[in-house]
1. Quick one: would you say residue A:280 is more than 16 Å from the chain's Cα centre (by Cα), within 21 Å of residue A:46 (Cα to Cα) and within 12 Å of another protein chain (Cβ to nearest Cβ)?
2. What number of residues within region B:37-75 are touching a strand residue (DSSP E or B) at 6+ places or on another chain (Cβ under 8 Å) and part of a loop (DSSP other than H, G, I, E, B)?
3. Restricting to region B:102-118, give me the number of residues that are assigned to a helix (DSSP H, G or I) and free of Cβ contacts under 8 Å to residues at least 12 places away in the same chain.
4. Could you check how many residues of region B:215-231 are at the interface with chain A (Cβ under 9 Å from one of its Cβ atoms) and under 21 Å from the mean Cα position of the chain (by Cα)?
5. Here is a list: A:275, A:259. Which entry is within 13 Å of chain B (Cβ to nearest Cβ) and either farther than 14 Å from residue A:248 by Cα or without any contact (Cβ under 8 Å) to a residue 24 or more places away in the chain (or both)?
6. Which of the residues belonging to region A:232-241 are over 17 Å from the mean Cα position of the chain (by Cα) and facing another protein chain (nearest Cβ under 9 Å)?
7. Does residue A:121 qualify as being under 30 Å from residue A:187 (Cα atoms), part of a loop (DSSP other than H, G, I, E, B) and touching a helix residue (DSSP H, G or I) at 6+ places or on another chain (Cβ under 7 Å)?
8. Can you name every residue in region A:222-243 that is free of Cβ contacts under 8 Å to residues at least 12 places away in the same chain and either in a helix (DSSP H, G or I) or within 24 Å of residue A:71 (Cα to Cα) (or both)?
């Protein structure tokens, strides 16, 4: 009996100190990498309005869902999406396994190493590369391959692992929302299985909270008689544009209270979120910091881009519907954790 | 400062008492509706082995996933699946809205009220009824319609709402696993959107933890300009048989450590679960209690059935692979909460 009581006591003490620590955290600035301004205030006000007992906009903890686009919202998406870098890097191994591919486009161009030619590959050719490198293997083999790549691949500008290139201010938003009982989800146009490999270590987001573009799998048996899942080329969900709210319904089944994006592919997710009843938060990250990161739009006269396009029309529409625009230049004190 | 400190104190006290309550619960029998026997012992041993610090089979909390078939595993599936009852009950309203259907099969037969003829409808006709009653409306309208039906529909034998017909022993397993940091999921051949409507109130399982047969949705705009999701007839996942592990990968992205089923449709889920490394639990509920519930197989010489078939071959295969068979008659002290 004595042991049991003291175990109870220790557990109670631990939980109590945790409560104090959590509480203390709430007293300090939960968003230290954000400059004071409308964007930071909007986040703080939103959390206050939806979580304070007695607030007219109070949201029960079970319904607190927040969704985040990944590329360009949680981490760097220029000059190309990290997943595309992965797929291109996989081509030499692919050609090694099937030498006949060396003479076939688009693999021939990728093998040439000619960056300009690779950048000009039409979308159809890019799709061929994605299908060849993202499907046709077991779920476990794919997972292991991505892990291996992430450990050695480096972003060309910062010479750091891609997983270092997450935005510190957004990491703070994820933490802050979770500390207030929000479930945080990634809702990405990128591959669901790809992002799942690192989302937990990189963002504290478990695999089951990653919604992405997803192909089907087939249940198969290996030579050892053991079952495994084979990644099929059959597209189940293109989690971009209208596919984002559709993916949210498929995987979550509730409308988010907060959503964060940065480009045209996020329009419907932000619109759907903001159209819900009560207090909702829709945020649009504007890449307007060429010195510390990149600057692209073409909204606000920023240079046009093919990766993460944000048009002036969408920018204006967002403003009209009460979306909050985050200026990386003005709203973020620092961009990366390693700064 | 004074208010803040006392708030801290109250919070700490609440958490401490919660800890004591949780601890006290762990000391009492977590499965009071289970008779002592191999099945109960298997559940207790599994949780002990996977959650005790220092155990060679310890599973980190983030990876603790348990999946449950619904029909016949968590609640009654005879004489027909509740969802089929819902679809049949919706036909009169459907015909009211589109009177021309009254002359068309299979709607004509359903409208006749002839139970024998309805029971004999071929699968193709049943599918027509499912498509007509489960798709073509907004996600929100469907949700409201199912809620309305659940509030008034009654099981023909027990004259109680369907949601009363959950198995108390399985409710205890759900609770016990959750108290040990397992995330509990429903993985059902039934409709994902249908089960989501009541899963939280009925099983404590939130919508995002319901994996089911699922059709796509389309993002649309209403006359008021507001976006909504329309339920499409396009099947994305048939969450039965091999579709269960495929659905688990799609929606969860990890292999379960424990899985519970009762019929042929659960075979691959149990097999996939049990094939994972470490200690895994696969359980098969055997309906062998015609007095308190139903008896059907045809395994173990039980009467054959079309709803929830469990063959002798699967029963034997399960035994060979170390699945635990739960006899409703012998292992369950009581079946329903209302008993």
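The values are calculated or read from the model by the stated rules, or taken from the named source; none is laboratory data. Keep in mind that this is a model prediction, so the values were computed, not measured. Note that we place each Cβ from the backbone using ideal geometry, even for glycine, and neighbour counts take in every protein chain shown.
1. No; evaluated as a whole, the condition is false for this residue.
2. The total comes to 6.
3. Residues flagged as assigned to a helix (DSSP H, G or I) and free of Cβ contacts under 8 Å to residues at least 12 places away in the same chain within region B:102-118 amount to 7.
4. 1
5. When all the criteria are applied, what remains is A:275.
6. A:236
7. yes
8. If the condition is that a residue be free of Cβ contacts under 8 Å to residues at least 12 places away in the same chain and either in a helix (DSSP H, G or I) or within 24 Å of residue A:71 (Cα to Cα) (or both), then no residue fits.
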